Amino acid sequence: MPFSIGIVGAGQFAGSFAKLFQLHPGVGDIYVTDLLPERADGLVKQLGLAGSVASYEELLASDVDAVALFTQRWTHGPLVVQALRAGKHVYSAVPMAVSLEETEAIIEAVKETGLTYMMGETSHYNPATVYAREKIAAEGFGRLFYAEGDYVHDMDLGFYDAYRYSGGERWKETASYPPLLYPTHSIGGILGAWQTYATSVSAVGVPDDRGDGVFDRGISQFGNDFSNATALFEVAGGGSFRTNEFRRVGYPSHIRESRFRFFGTEASFEQLATVSFWQDKTGVQDVSEHLQAVPTLAADDPSLKNVAPALRDAFISGTAPVHDCSRLPREFAHAPNGHEGSHHFLVDDFVNSVNEGTLPSVNAWVAARYTVPGIVAHDSARRDGERLAVPDFGDPPR
Ligand SMILES: NC(=O)c1ccc[n+]([C@@H]2O[C@H](COP(=O)([O-])OP(=O)(O)OC[C@H]3O[C@@H](n4cnc5c(N)ncnc54)[C@H](O)[C@@H]3O)[C@@H](O)[C@H]2O)c1
């Protein structure tokens, strides 16, 4: 029986997902709310949705079955708990939360209510992660002992426009959002394949020197001046992974913004902006084509109207050959996608979990493993790289 859903936050990211929820046969009526009502009304009109709702509180008081949060990145924790406590299933854009307390509160609320919570981590279905997941399942790496995940996206490549749209006149206060508090693309791409979790971390932050008021501690809502950061994590079972969160970097993020490497005792996988290689002790296999997401949309597609032009490449990519599209509803065949084909799989996972009462792929426990290490890494960077223990909330209950 299709369930109804309320989209919360009709900014740059929500459009593509609203369209997919609309197309999915497991979803019924779709409502929208935004602090700026004209954004909610605009999305309702553009897609012909069921209607807009004046506030989040009003949406939670309604008989809508689920909410999908697309609000700014530092806002999710309390909104998720509020929705679960109001009896709604929750799909949340990344990150899960910005503190350990918020993370714990979500896990508690999921345990107590038994409702579905899923974090929409796009790297979970990044072609490189899907590929590594398959190789790990087939024991192709031998013993995996090291991995790297980078989210490399320069502020000049669309983020200034995005933060202006997001933050209004006082946008500089939030454009300084700490890179390590947005850790899920780099960590999720690794742990989405490697079945382990971080146990400790040491991180280094690079104080910004652009001098334009962004990443200025005096202006930043987060007291943050790091624009680039690197973290080295120890993992359970032996081994380590290293992540980079770069916001000032000479790199073509419109070609690839998340990139991964995995090293095992028998084989390894390495990715650059345009190529991906599988390697063993005898040689190198170019697997780039297998992992290449094929664009499905034009950059001027109406679903992208709120997205800054320099960010649109991330939203036009469809699936790659490595993806198993046979599991998707046929209604998605010509639908907008994005982030290397991941949007279709995330929406399908959430909808099926709600309808079948099963745990979604990126459930609260997995989401915590993708998010918490970054929160602790940011603390470590602020303490000059002090090595800190990373708490783990455990495996999901069976
Ligand atoms: N690859 C990815 O997974 C990826 C990519 C882009 C964005 N995102 C995530 O998507 C989320 C949204 O990003 P965006 O760029 O669309 O942000 P945005 O600032 O463009 O839009 C957020 C919207 O939420 C609204 N809002 C905020 N609080 C609200 C509330 N309490 N009730 C109703 N509306 C509220 C704002 O008015 C705004 O219109 C962020 O969390 C971001 O991290 C993820």
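Nothing in this text is a laboratory measurement; each read-out follows from the coordinates by a stated rule. Predicted, not measured: the structure shown is a model, and the values here were computed from it. Note that each Cβ is placed from the backbone with ideal geometry, even for glycine, and that neighbours are counted across all protein chains shown.
Multiplying each eigenvalue of the alpha-carbon gyration tensor of the chain by 5 and taking the square root yields semi-axes of 30, 25, 22 Å, largest first, rounded to whole angstroms. Once backbone amide H atoms are built at 1.01 Å from N, TYR146 has SER240, PHE263 as its partners under 5 Å, excluding neighbours fewer than 5 places away on the same chain.
Please report, to two decimal places, log10 I(q)/I(0) for region 3-122 at q = 0.21, 0.22 Å⁻¹ as given by the Debye formula with identical point scatterers on the Cα atoms and no solvent. Taken in order of the listed q values, log10 I(q)/I(0) reads -1.18, -1.28. Taken as Cα centroids, region 158-191 and region 18-54 sit 24 Å apart, rounded to the nearest whole angstrom.
Just tell me which lysines come within less than 20 Å, Cα to Cα, of LYS135; anything on the same chain fewer than 8 places away is out. Within reach: LYS281. Under a Gaussian network description of the chain, with springs only between Cα atoms under 10 Å, the residue in GLY341, GLY357, GLY11 that fluctuates furthest is GLY357. Take the Cβ atoms of TYR165 and ALA138, set R0 to 45 Å, and the FRET efficiency comes out at 0.55.
Given LYS88/LYS305; LYS111/LYS305; LYS111/LYS172, which pairs have Cα atoms separated by over 31 Å? Over 31 Å apart, Cα to Cα: LYS111/LYS305; LYS111/LYS172.
Computed from phi, the 3J(HN,Hα) profile of region 265-275 under the Karplus parametrisation 6.51, -1.76, 1.60 (θ = phi - 60°) reads 6, 10, 7, 8, 10, 9, 10, 10, 4, 10, 9 Hz, with x in place of Gly and Pro.
Of the trypsin sites (Lys or Arg not before Pro) found in region 204-249, those that fall in a DSSP loop while having at most 13 other beta-carbon atoms within 10 Å are ARG210, ARG217.
Say a site is exposed when it is one of the GluC sites (Glu not before Pro), sits in a DSSP loop, and has at most 15 other Cβ atoms within 10 Å; what is then the longest site-free stretch of the chain? Answer - 1-138. Working note: 222 nm ellipticity from helices only, DSSP H runs with n ≥ 4, each -39,500 (n - 2.57), summed and divided by the residues of the chain, gives -9000 deg cm²/dmol to the nearest 500.
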